[in-house]
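Shown next, in structure tokens, is the structure this report addresses.
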Amino acid sequence: IQLEAYIAQSKQLEEKLIEQNNFIQKVTNFIPGMVGYWTSDLLNAFANITYSEWFGKTQDEIHGIHIRDLLGAELFSKNEFYIKGALAGEVQRFEREILKSNGKLGYTWAQYIPDIANGVVKGFIVLVTDVTELKLAEISLIEAQNKLNEILESIPQGIVEINLRGEIIYANRGAGKILDIHETEIAGKYFNS
């Protein structure tokens, strides 16, 4: 009778564990980024659906795979420093340029968070967000700023930008010529001085 009770209790615990794992999988599948768990042996113990989409593999193919085999040798070598840091118990945060499975260039913001129990790193949680749209907007903004700066520097008239405190924060070459001072020496001065 005790054995039957033990078997019944074990079955209930197993069902509850499966139910909890399914719930975690469902929740993380709705997170707009990769969520995974890698053991200290660098084997995948968990990955949300975004891992499948990003790397072009099924979740069954990802589960149990070595991180080097998923990332490929080149990307693994780029991330190895951060992996070692996570395995040393240090949270890692970094931006990465990456080629997606569809062949397009993407940008990610990654975090490797160590899972530490009793002073031992058991593995690490990986959170990776696709920041491609933000990065492309940033690149476009920088390019536009550079073009604007080229235009402003080519104008012979003096152009000065002043903040609300009256501090000069930008002056073009034309302003430097007019004031007979290098434009970098103008920045930081106050308009009324």
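The values are calculated or read from the model by the stated rules, or taken from the named source; none is laboratory data. Quick caveat, the model's predicted, so the values are computed rather than measured. Positions of Cβ are backbone-derived with ideal geometry, glycine not excepted, and every protein chain shown enters the neighbour counts. The area values use the complete protein model at the heavy-atom level, side chains included, leaving out ligands, DNA and RNA. Shrake-Rupley method; radii C 1.70, N 1.55, O 1.52, S 1.80 Å.
Miscellaneous remarks
- Placing +1 on the Cβ of every Lys and Arg and -1 on the Cβ of every Asp and Glu, with nothing else charged, gives the chain a dipole about its Cα centre of roughly 100 debye.
- Over 22 Å apart at the Cα level, from the set Lys104/Lys135; Lys57/Lys104; Lys84/Lys104, are Lys84/Lys104.
- For the chain, carbon and sulfur atoms together expose 57% of the accessible surface, with a 1.4 angstrom probe and every protein chain in place.
- Kirkwood radius and radius of gyration were both taken over the C-alpha atoms of the stretch 20-108, and their ratio Rg/Rh is 0.94.
- Per residue of the chain, the DSSP helices (runs of n ≥ 4 H) give a summed -39500 (n - 2.57) that works out to -15000 deg cm²/dmol at 222 nm.
- Average accessible surface area per residue within the chain, 1.4 Å rolling probe, Å²: 69
- Proximal lysines relative to Lys189, as straight alpha-carbon distance under 29 Å, when same-chain residues fewer than 8 apart are discounted: Lys147, Lys177
- Between the beta carbons of Ile18 and His66, assuming R0 = 25 Å, the FRET efficiency works out to 0.50 to the nearest 0.05.
- Result for the chain in a Gaussian network model with C-alpha springs under 10 Å: among Leu148, Leu70, Leu87, the largest mean-square fluctuation is at Leu148.
- Cross-link reach list, lysines versus Lys16, counting only Cα pairs under 20 Å and skipping chain neighbours closer than eight places: Lys26
- Taking a Cβ cut-off of under 10 Å around Tyr82, the surrounding Lys, Arg, Asp and Glu residues balance to a net charge of +2, with basic ones at +1 and acidic ones at -1.
- Gyration tensor (alpha-carbon) shape descriptor, the stretch 34-193, a/c threshold 1.5: prolate
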